[in-house]
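Heads up: the structure comes next, in structure tokens.
The values are calculated or read from the model by the stated rules, or taken from the named source; none is laboratory data. Only a predicted model underlies this, so the values are computations on that prediction, with no experimental measurement involved. Positions of Cβ are generated from backbone atoms using ideal geometry, with glycine treated the same way; all protein chains shown enter the neighbour counts.
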Amino acid sequence: MQKETIGYIGPGIMGRPMIENLRKAGYPIVVYARREDARAELEADGINTENTPAAVAEKTQIIFSCVGDTGDVEAVLLGKNSVIETATAGSIAIDMSTISPKVTKEIAAKLSRKNIHMLDAPVSGGEQGAMDGTLSIMVGGEKEIVEKIRPLFEILGKNIIHVGGNGTGQIAKACNQVLVAQTITAVAEALVLAEAAGADPAKVREALLGGFAYSKILEVHGQRMLDKNYQPGFKTRLHAKDMRIVLETAEALGLDLQGAKLAARHIEKLVADGDGELDSSAIRKCIR
């Protein structure tokens, strides 16, 4: 039996491997990419493309999106030539971007008035997790819709958690980024301390990996720091955007997250220094 066609908006570092995993599972895919050269590349790989998000929504009832920022999500879901213009009643928009929780709820409400369901489903696990289909997916939205989409989520990830209503997936992702940014900073500080004290930072990292200080970030980002290999798995400029969302959300709730602010300053400095395209493990360059 032919599987349902899936729409996908945003075939970037994270989106493209997710598209490939859906294809491998037998789902026909139709994709919108903003850049013409990206569309040409997809077509060359046998993937059908459309010139607008509206054209994608016209052909599918399940539409994933994974784009850069809050404004980008508003544009593809609510703007001119967007999903809301052509999606049929009962369609499901699944946004896997990392954006404002507040705006996510507003978008979901506007789509709901057209009888379009929305799930906010940001992810953690980086490019490798997207390639391996092992992402952690934090989902906000109606339980019934989450369960309907769960078979697709299980193609893309291994840890699918329904957090609550619309916006709570984005809150979970904000919490994730608080931990990630501060842990990358902590790993950088530990390796700098080891080196400054005359110890081999590679050996120190190896020792730490076997104890209570183990983390995936110490394993992956720690190795990147030792190798000074900052090719992006997750670009610093996008991490900076995420931390702005974290701090804006915290401020609106009357919270003062000092650790998050420190990590955000390091990330913003990298962007200001022209290193926004590097992996966020480049925080190592900020520690003296």
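Select from the range 98-122 the residues that are under 14 Å from the mean Cα position of the chain (by Cα) and within 15 Å of Asp72 (Cα to Cα) and write down the one among them that is surrounded by the most Cβ atoms within 10 Å (Cβ to Cβ).
Selected residue: Asp120.
Count, please, the residues in the range 266-288 that happen to be surrounded by fewer than 20 Cβ atoms within 10 Å (Cβ to Cβ), touching a helix residue (DSSP H, G or I) at 6+ places or on another chain (Cβ under 9 Å) and either in a helix (DSSP H, G or I) or in contact (Cβ under 8 Å) with a residue 60 or more places away in the chain (or both).
Number of matching residues: 7.
In the range 139-162, what residues are part of a strand (DSSP E or B) and more than 16 Å from the chain's Cα centre (by Cα)?
His162
Answer yes or no: is there a residue in the range 74-95 that is at pLDDT below 95, in the same structural domain as Leu152 (by TED's automatic domain parsing) and assigned to a loop (DSSP other than H, G, I, E, B).
no
If Gly46 satisfies all but one of (1) in contact with a helix residue (DSSP H, G or I) (Cβ under 6 Å, 6 or more places away or on another chain); (2) over 15 Å from Thr60 (Cβ atoms), what's the number of the condition it fails?
Tallying (1) in contact with a helix residue (DSSP H, G or I) (Cβ under 6 Å, 6 or more places away or on another chain); (2) over 15 Å from Thr60 (Cβ atoms), Gly46 fails exactly one: (1).
Could you please find all residues in the range 180-208 being among the aliphatic types (A, V, I, L, M), more than 27 Å from Gly12 (Cα to Cα) and surrounded by 14 or more Cβ atoms within 10 Å (Cβ to Cβ)?
Once the filter is applied, which keeps residues that are among the aliphatic types (A, V, I, L, M), more than 27 Å from Gly12 (Cα to Cα) and surrounded by 14 or more Cβ atoms within 10 Å (Cβ to Cβ), the range 180-208 yields Ala186, Val187, Ala188, Ala190, Leu191, Val192, Ala194, Ala202, Val204, Leu208.
Please tell me if Lys216 is modelled with pLDDT under 95, closer than 17 Å to Ile283 by Cβ and surrounded by fewer than 18 Cβ atoms within 10 Å (Cβ to Cβ).
Considered against the rule, which asks whether it is modelled with pLDDT under 95, closer than 17 Å to Ile283 by Cβ and surrounded by fewer than 18 Cβ atoms within 10 Å (Cβ to Cβ), Lys216 comes out as yes.
Among the candidates Gly133, Gly157, single out the residue that is surrounded by 14 or more Cβ atoms within 10 Å (Cβ to Cβ), farther than 18 Å from Ser97 by Cβ and either assigned by TED's automatic domain parsing to the domain that holds Asp95 or of a type in the set (Ser, Thr, Tyr) (or both).
Criteria check complete, one pass: Gly133.
Which of the following residues is among the small types (Gly, Ala, Ser) and touching a Leu at 6+ places or on another chain (Cβ under 7 Å): Ala25, Ala33?
The unique qualifying residue is Ala33.
In the range 9-47, how many residues are over 18 Å from Gly126 (Cβ atoms) and surrounded by 14 or more Cβ atoms within 10 Å (Cβ to Cβ)?
Looking only at that region, the number is 17.
Considering each of Ala250, Ala260 in turn, give the residue that is closer than 16 Å to Ala174 by Cα and without any contact (Cβ under 8 Å) to a residue 12 or more places away in the chain.
Testing whether each residue is closer than 16 Å to Ala174 by Cα and without any contact (Cβ under 8 Å) to a residue 12 or more places away in the chain leaves just Ala250.
Within the bounds of the range 252-265, is there any residue that is within 17 Å of the chain's Cα centre (by Cα), buried (at least 21 other Cβ atoms within 10 Å of the Cβ) and assigned to a helix (DSSP H, G or I)?
no
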